[in-house]
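The values are calculated or read from the model by the stated rules, or taken from the named source; none is laboratory data. Given the structure is predicted, the values throughout are model-derived calculations rather than measurements. Every residue, glycine among them, receives a Cβ derived from its backbone with ideal geometry; neighbour counts consider all protein chains shown.
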Amino acid sequence: MTRDVFAPRADVLLTVSGTIASASATAAGPRFDYEELSRVLPADLIDFASARRLNGRFGRLLEQVGGPALNLAWAVNRLARRYRVVLTDGEQVGLPLATFFLHGGQRPRHLMIAHVISRSKKALLIDVLRLHRAIDCFLVYATFQQRYLQARWRLSSDQVVLTPFMVDSEFFHPDRVPPAPTDRPMVFAVGREARDYPTLLRAFAGLDADLIIAPESRWSRRSDSSASLPLPPNVRRDPFLDFEQLRLRYAASRFVVIPLYPVDFQAGVTSILEAMAMGKAVICTRTNGQSDVVVDGQTGLYVPPGDPLALRAAVQHLLTHPEEAERMGRAGRRRVERHLTIERYVARIASLVSDLRQAEPVTV
């Protein structure tokens, strides 16, 4: 049954915590990291839909108990012995898979992307079951998460690798969009995960500029913090943007604001990198988790959490010094080109996978 439903073509298996988009759906948007990883490594992809087909009725029961990520982890566990390396795209799949690996004899090498491993329930689960024994390498995007993992479980730098996140700098490129000047200065705020739009609205009230908020996300399940708030006259919500419309909003803005609640993971990183790739300065809340991407004073400005006066002062500063915003935007674009492209991201992961490929499978 397994062979008929999912036939391996490579020696690396990569999970996608969602449903893989069709080629037609992605033609007018940026490249996805899993597509590029699949091509470069090369790797087989398995998503929620594939897991449902593979696991059948038992998979439906698993989804009722623990959601689609648990079902995906079980599907990967069934297939894993056919691969040398398994790359899980988050702890929602990686931790249950590690649990299965601890009770299954021989296993492949396991590289897990860890987004927010510092949550108490996850940490306690790892402590009790000693799940780090079934994860050969943690890949993290935030310095805070790297330090947390190394300190709590005494892991080496080879076991916890910090890598910058990425953006498709070919799609998000200022030359891909014609200039779109506006009558009044326009500032753009985008995204949903951990966004502190209440503070932004207080900061923006009465300013001589327009603010557009696009509170959408392909991945976040959080509620929109701006949904029930009255909007000042110079603010409007602009949800449901496709990728081309999103790129146009970046292009038309003077700069971009990413207001965040205090979090210890890289909330907002996708929007920050898209804005930088489009040559825009970024004002961002400095949090424990979001401190690695914006270079304060060079590619943007950091402000403290929950401080509308500080945020207002930063916005006013860039509005009254447009040449500084433009300079920061150019610097942000250069930083993306040198360090933060999807090609560099894939190359870094490919190097890690290459090392794991050469290691022998593990017998638990």
request  = For the range 52-68, state whether one or more residues are touching a residue at least 60 places away in the same chain (Cβ under 8 Å) and under 28 Å from residue 243 (Cβ atoms).
outcome  = no
task = Mind counting the residues in the range 40-82 that are crowded, with 18+ Cβ neighbours inside 10 Å and of a type in the set (Phe, Trp, Tyr)?
result = 2
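Please determine, by comparing only the residues of the range 269-308 that are under 14 Å from the mean Cα position of the chain (by Cα) and outside any helix (DSSP H, G or I), which one is surrounded by the most Cβ atoms within 10 Å (Cβ to Cβ). Spell out the reasoning first.
Within the range 269-308, the first condition is being under 14 Å from the mean Cα position of the chain (by Cα), and the residues that meet it are 269-274, 289-290, 292-293.
Then keep just the ones that are outside any helix (DSSP H, G or I); that gives 289-290, 292-293.
Values: 289: 24, 290: 27, 292: 16, 293: 25.
The extreme case among them is 290.
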query = Is the range 84-95 home to any residue that is crowded, with 22+ Cβ neighbours inside 10 Å, among the aliphatic types (A, V, I, L, M) and part of a helix (DSSP H, G or I)?
reply = yes
key: Selected residue (criterion: surrounded by the fewest Cβ atoms within 10 Å (Cβ to Cβ)) from residues of the range 311-323 that are part of a helix (DSSP H, G or I), without any contact (Cβ under 8 Å) to a residue 24 or more places away in the chain and not polar (S, T, N, Q)   = 323
key: Given (1) among the polar types (S, T, N, Q); (2) under 17 Å from the mean Cα position of the chain (by Cα); (3) surrounded by fewer than 18 Cβ atoms within 10 Å (Cβ to Cβ), number of the condition residue 266 does not satisfy   = (3)
inquiry  = Cβ-Cβ distance below 9 Å, separation of 6 or more or different chains: which pairs start in the range 153-168 with a residue that is more than 20 Å from residue 30 (Cα to Cα) and end on one that is part of a loop (DSSP other than H, G, I, E, B) and among the aliphatic types (A, V, I, L, M)?
reply    = 159/135; 162/142
request  = Please indicate, with yes or no, whether at least one residue in the range 126-135 is touching a Leu at 6+ places or on another chain (Cβ under 6 Å), under 18 Å from residue 78 (Cβ atoms), assigned by TED's automatic domain parsing to the domain that holds residue 74 and in a helix (DSSP H, G or I).
outcome  = yes
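Just one of 314, 331 is at pLDDT 95 or above, within 23 Å of the chain's Cα centre (by Cα) and over 24 Å from residue 32 (Cα atoms); which is it? Lay out the reasoning, then the answer.
Numbers: 314 fails: within 23 Å of the chain's Cα centre (by Cα).
Just one listed residue meets the conditions, 331.
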message = Test of understanding: among 360, 323, which residue is farther than 17 Å from residue 38 by Cβ and either touching a strand residue (DSSP E or B) at 6+ places or on another chain (Cβ under 9 Å) or not assigned by TED's automatic domain parsing to the domain that holds residue 294 (or both)?
response = 360
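Give the range 172-204 a look and list any residue that's part of a loop (DSSP other than H, G, I, E, B) and either under 27 Å from the mean Cα position of the chain (by Cα) or buried (at least 23 other Cβ atoms within 10 Å of the Cβ) (or both), or say none. Let's see the steps before the verdict.
Narrowing the range 172-204 to residues part of a loop (DSSP other than H, G, I, E, B): 172-173, 177-185, 191-194, 196.
Across the range 172-204, the qualifying residues are 172, 173, 177, 191, 192, 193, 194, 196.
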